[in-house]
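A.B. asks: Below is one structure. I have some questions about it.
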Amino acid sequence: MVEIILAVLVFFPFAAGLIVYAIGTRKEKQPVGEGSSCDGKKGLNRAAEIVAVCSVAAEFVLVVFMAAFCYIQSRTMELSFNNSVETGLQILFSVPEICGFGFHFCMDGFRLIYAGVAAFMWMMTTILSGEYFRHHENVGRFYLFLLMTLGATMGVFLSADLYTTFIFFEIMSFTSYVWVAQEENRPSLQAAATYLAVAVIGGLVMLMGIFLLYYHLGTVTISELSGAAAAFADKRILYIAGGCMLFGFGAKAGSFPLHIWLPKAHPVAPAPASALLSGILTKTGIYGTLILSCQLFVHDAAWGKVVLGLGVITMFGGALLAVFSVDLKRTLACSSMSQIGFIMVGIGMQGLLGEENALAVHGTLLHMVNHSLIKLVLFMAAGVIFMNTHALELNQIRGYGRKKPLLAGIFLTGALTIGGIPLFGGYVSKTLLHEAIVEFGGGGIMKAVEWIFLFSGGLTVAYMTKLFVAIFVEKNPDGELQKQYDGQKKYMNNASGFALTGSALVLLVWGLFPHEIMDKVAELGQSFMNLREFGHRVSYFSLSNLQGTLISVCIGAAVYLLFIRNVLLKKQEGSGAVYINAWPNWLDLENLLYKPLLLTILPTLFGVLCRTLDSFTDTMAVLLRKTLYRDSPLPHERPEGNLFTAVLGRIINGFEVLGNHTWNKKHPNQRDYRHLLALKSDEFKESNRIIGGSLSFGLLLFGVGLALTLVYLICW
C-alpha cells in the first residue's frame, strides 16, 4: 500500500491548506491582557502558522519515508539504489476516471530527488514565514495558496503522463499567482498580471502540443514517449508538438524570451514565495523540458541545438541583467534566469553528445539541485534583510550586515556556491557542464559557446561580489542609519535562524562531499534522462578542471573592479558614492515588444482582417441575391408584413376602436397596428438576415460549439 503515499503527497497539502485558511481567517473575540505583545488576530495567525509548519513537515517526513523504503527494498534485492528504482521499485499509482484520462503518478530516482528538494524547501520557507508575516494581513490566504501550490508542484514532479503534468502545472500557475499579488499594491498586481499572462499563454500553447502529440503517437505516458516517437516517421509533426510544449515549459522556467515575469515578480513577492518561485517552480519548467529532450527527442542533435541556443541566450542575458540591477531581489531573480540558462545548456549538450552524455546528464541534474538550494538560502537571507529594513534597493540596505556574522556567513555560502568556487556544490555542477562542452569539441560555434559559458560564470562572480560587498562590507552613506544597522542585535527569531542556518548547512555539506553525496544523487536520477551507465569518475579538483573556474573568477574580478566600481558606482555630492541603474528602460522586453504586440498590433491587424472578411462575405451575399439568386415575387404576396402581423394587427385595431368609443373617448388613438407590426417584422427579419449571413455570427457559433465539445470531452 506504499503506492497510496504518492496520492497523499499530492492531495494532502490541498486539504491542509483549507484547514490552515479556516484557522487563519476565523474571527474570534479574544481578550488581550495587559502587556500582551499580540492581539487576537495575531494569535490566530500564530495558530495557522503552527498547523502550516506541521503540514509541510509531515510532507517532508513522507518523502523521507519513501526514500527509506526504496533503500531497504534495494538492499533486500541486493541491487544498487539506482537500479532498484529504475526496475523493480518504480512505484506507480493511478486515480481513474478523472476527466476521462485519470491522474497517473510515478516515483523513481529523479522524482524522488525533486520531491525531497521541494518538501525541504517548503518546510524551511514556511518556518521563516511565521516571523516574516507576523505583522501582515491575509496570512491565512497566503498559507492556503502556499500549501495548495505545494500539492500542485508535487503533482507535476510525480506525474507519469503529460495530461497529469498539464493539469497540475496549470493549478500551480493559478495558486502561485496569489503569492505575487499578496501585497495587493500596484507593483505587485502589475507583476502578478504579467506572471499570469505568461503562465496562461504558455499553458494554452503547451496544451496544443499535448493534443497534437496524443493524436499522432496515441499516448502521452512519459515512459512510452521514446518508443512511440522512434516508431513515428514524420519528425516534423513531433518538432511542432515539441516546440509548443517547450514554449509552455520555457515560460515557467523563465527561459528567454519568456523570462519577463522573473525580474518583475520576485521584487514584489514575499521572500518565502520568491525562494520557492525561483528554486522550485522554475524547475517544473525544466522538468517538462527534460521530458521533451530525454524522453521524446532522445539523443536528437537538432533538438539539442535549439535547447542549447535558448540556454546560451538565457544564461548570458540573465547574468547581464543581474550585473546592472540595483535591487537585491531583482538581482537574485535575474540570477535565476541565468542559472536556468546554465541548466538548459546542459540539456542541449545531452542531445548533442548522444549516448556519451554522462557529463551533461550529471551536470544538469546537480545544477538543478544546486540552484534550488542556493536560492532557498539567498532569498531567505534577503527576506531577513527586508524584514528589518523594509527596503531592497542596494543604496538603502548598504552596510546592513556589517556586524552580523551569522547572516554574512549564510549569504556567503550561497554566493560562493552560485559563483562556482571550489569546495562548493556549484563548482562541481558547473565543472561537469563545462567539461561536457569541451568533450563535444567542434568548431568555432562551440568554442564561442564555451567562452560565453565562462564569461557568464564570471558575471555571476561579479554581481554576487557586488551584493556581498554592498550589504556586508561597505558602510551606508547615511551615518545615522548605519548606527541603527550596527546596533541591531536581534534581527531574526530562533525559528527563522533555524531555517536559514539549517538550509545553509545543507548546502555547505552537499558541496563538501562531491563523490560521496553529489555523485550518488546524480546516479540516482540519471535513468530519467535515459542514461544507463554512470560514466567515468571525474577528478573535480584536477588542474584542467580548476582552469575553467579560474578563468571565470578572473573575468568576474575584472568586471567588478573595472565596470561595477567605476561605472555603476557613481560619486554624488553630499551622499558619497551610490549604485546607479544604468540599464536603459527602453530595453524592457515586455514594454518594448510584448505589450505593443499583444495589446495594439495584433488586435488591430486581426480586427481589420475580420472586418474585411465580414464585409466581403456580406457583399457577396447581397451581390448574388441581386443577380443569380434574385428574389422573385410571390403570386399573392402581401403589400407588407405577414399573416401573423395582419391578424394580430386587426385584433389590436379592434381593441383600439372599442377604446376610442369608451375609455379613450376624450383622447382617441388613430394608430394602424397592422402597419406598425409589419414594420417591426421587416426590421426583425432584416436584422436576422444580416446576422445570419455575417462571418462574426459564424465564428460565434463555432466558438460555442468548440466550448461545448471541450466540456463534453472533459466531463464525459
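A.B. asks: Kindly indicate which of 480, 533, 523, 474 is within 30 Å of residue 287 (Cβ to Cβ), of a type outside the set (Val, Ile, Thr) and more than 28 Å from the chain's Cα centre (by Cα).
C.D. replies: Numbers: 480 fails: within 30 Å of residue 287 (Cβ to Cβ); 523 fails: more than 28 Å from the chain's Cα centre (by Cα); 474 fails: within 30 Å of residue 287 (Cβ to Cβ).
Among 480, 533, 523, 474, only 533 is within 30 Å of residue 287 (Cβ to Cβ), of a type outside the set (Val, Ile, Thr) and more than 28 Å from the chain's Cα centre (by Cα).
A.B. asks: Any chance region 279-294 includes a residue that's of a type in the set (A, V, I, L, M, F, W, C), touching a residue at least 60 places away in the same chain (Cβ under 8 Å) and over 19 Å from residue 158 (Cα atoms)? Give the derivation first.
C.D. replies: Residues of region 279-294 that are of a type in the set (A, V, I, L, M, F, W, C), as a first pass: 280-281, 286, 290-292, 294.
Checking the rest, the ones that are also touching a residue at least 60 places away in the same chain (Cβ under 8 Å) come to 280-281, 286, 290-291, 294.
After this cut, where a residue has to be over 19 Å from residue 158 (Cα atoms) as well, the list is none.
No, region 279-294 contains no residue that is of a type in the set (A, V, I, L, M, F, W, C), touching a residue at least 60 places away in the same chain (Cβ under 8 Å) and over 19 Å from residue 158 (Cα atoms).
A.B. asks: Give me a count of the residues in region 225-257 that are part of a helix (DSSP H, G or I) and either loosely packed, with under 15 Cβ neighbours inside 10 Å or among the small types (Gly, Ala, Ser) (or both). If you could, list the steps in order and put the result at the bottom.
C.D. replies: Here is the first cut: in region 225-257, the residues part of a helix (DSSP H, G or I) are 225-230, 235-253.
Checking the rest, the ones that are also either loosely packed, with under 15 Cβ neighbours inside 10 Å or among the small types (Gly, Ala, Ser) (or both) come to 226-230, 235-236, 241-243, 248, 250-251, 253.
Residues in region 225-257 being part of a helix (DSSP H, G or I) and either loosely packed, with under 15 Cβ neighbours inside 10 Å or among the small types (Gly, Ala, Ser) (or both): 14 in total.
A.B. asks: Looking only at residues that are part of a helix (DSSP H, G or I), among the charged types (D, E, K, R) and surrounded by 13 or more Cβ atoms within 10 Å (Cβ to Cβ) in region 576-620, which one is modelled with the lowest pLDDT?
C.D. replies: From region 576-620, those part of a helix (DSSP H, G or I) are 585-587, 589-620; that's our starting set.
Retained after the next criterion (residues that are among the charged types (D, E, K, R)): 590, 595, 611, 614, 618.
Subsequent filtering for residues that are surrounded by 13 or more Cβ atoms within 10 Å (Cβ to Cβ) retains 590, 595, 614, 618.
Details: 590: 54, 595: 57, 614: 71, 618: 72.
Restricting to residues being part of a helix (DSSP H, G or I), among the charged types (D, E, K, R) and surrounded by 13 or more Cβ atoms within 10 Å (Cβ to Cβ), the top hit is 590.
A.B. asks: Of 653, 660, 669, which residue is open to solvent by 60 Å² or more (accessible area, probe 1.4 Å) and modelled with pLDDT of 75 or more?
C.D. replies: Answer to the check: 669.
A.B. asks: A further question follows. Does residue 152 satisfy the criteria of being under 20 Å from residue 383 (Cα atoms), modelled with pLDDT of 85 or more and under 17 Å from the mean Cα position of the chain (by Cα)? Reasoning before the result, please.
C.D. replies: Details: under 20 Å from residue 383 (Cα atoms): no; modelled with pLDDT of 85 or more: yes; under 17 Å from the mean Cα position of the chain (by Cα): yes.
When the stated conditions are applied, residue 152 does not pass them.
A.B. asks: State which residue pairs qualify: first residue over 17 Å from residue 354 (Cα atoms) and inside region 297-317, second residue among the aromatic types (Phe, Trp, Tyr) and open to solvent by 30 Å² or more (accessible area, probe 1.4 Å) in any location, beta carbons under 8 Å apart, and separation of 6 or more residues or different chains.
C.D. replies: Note: pairs meeting the criteria are 310/256; 313/256; 314/256; 316/455; 317/256.
A.B. asks: Which one is modelled with the lowest pLDDT, of the residues in region 484-516 that are over 18 Å from residue 383 (Cβ atoms) and of a type in the set (Gly, Ala, Ser)?
C.D. replies: 487
A.B. asks: Sticking with this one: Would you please name the residue that is surrounded by the most Cβ atoms within 10 Å (Cβ to Cβ), looking only at residues in region 389-417 that are more than 19 Å from residue 556 (Cβ to Cβ) and among the polar types (S, T, N, Q)?
C.D. replies: Keep residues of region 389-417 that are more than 19 Å from residue 556 (Cβ to Cβ), which gives 389-393, 395-410.
From what is left, the residues that are among the polar types (S, T, N, Q) are 389, 395-396.
Values: 389: 19, 395: 17, 396: 16.
Filtering region 389-417 for residues that are more than 19 Å from residue 556 (Cβ to Cβ) and among the polar types (S, T, N, Q), the one surrounded by the most Cβ atoms within 10 Å (Cβ to Cβ) comes out as 389.
A.B. asks: Looking at 280, 222 in this structure, which one is open to solvent by less than 20 Å² (accessible area, probe 1.4 Å) and in contact with a strand residue (DSSP E or B) (Cβ under 7 Å, 6 or more places away or on another chain)? Walk me through how you get there before you give the answer.
C.D. replies: On the way: 280 fails: in contact with a strand residue (DSSP E or B) (Cβ under 7 Å, 6 or more places away or on another chain).
None of the others qualify; the one that does is 222.
A.B. asks: A follow-up question, please. Quick test of your reading of the structure: residue 328 fulfils all but one of (1) open to solvent by less than 20 Å² (accessible area, probe 1.4 Å); (2) more than 17 Å from the chain's Cα centre (by Cα); (3) more than 23 Å from residue 128 (Cβ to Cβ). Name the failing condition by number.
C.D. replies: (3)
A.B. asks: Taking the conditions exactly as written (more than 30 Å from residue 344 (Cβ to Cβ), part of a loop (DSSP other than H, G, I, E, B) and open to solvent by 40 Å² or more (accessible area, probe 1.4 Å)), does residue 475 satisfy them or not?
C.D. replies: For residue 475, the condition - more than 30 Å from residue 344 (Cβ to Cβ), part of a loop (DSSP other than H, G, I, E, B) and open to solvent by 40 Å² or more (accessible area, probe 1.4 Å) - is met.
A.B. asks: Taking the residues in region 434-484 that are of a type in the set (Ser, Thr, Tyr) and in contact with a Phe, Trp or Tyr (Cβ under 8 Å, 6 or more places away or on another chain) as candidates, determine which candidate is nearest to residue 367 (Cα to Cα). So that I can check it myself, show each step before the final result.
C.D. replies: Going through region 434-484, the residues of a type in the set (Ser, Thr, Tyr) turn out to be 456, 460, 463, 465.
Then keep just the ones that are in contact with a Phe, Trp or Tyr (Cβ under 8 Å, 6 or more places away or on another chain); that gives 456, 465.
Numbers: 456: 15, 465: 20 Å.
The selected residue is 456.
The values are calculated or read from the model by the stated rules, or taken from the named source; none is laboratory data. This structure is a prediction, so every number in the text was calculated from the model and none was measured. Cβ: placed from backbone, ideal geometry, glycine included. Neighbour counts: every protein chain shown. The protein model used for the area step is the full one, side chains on, heavy atoms only, and it has no ligands, DNA or RNA in it. Shrake-Rupley method; radii C 1.70, N 1.55, O 1.52, S 1.80 Å.
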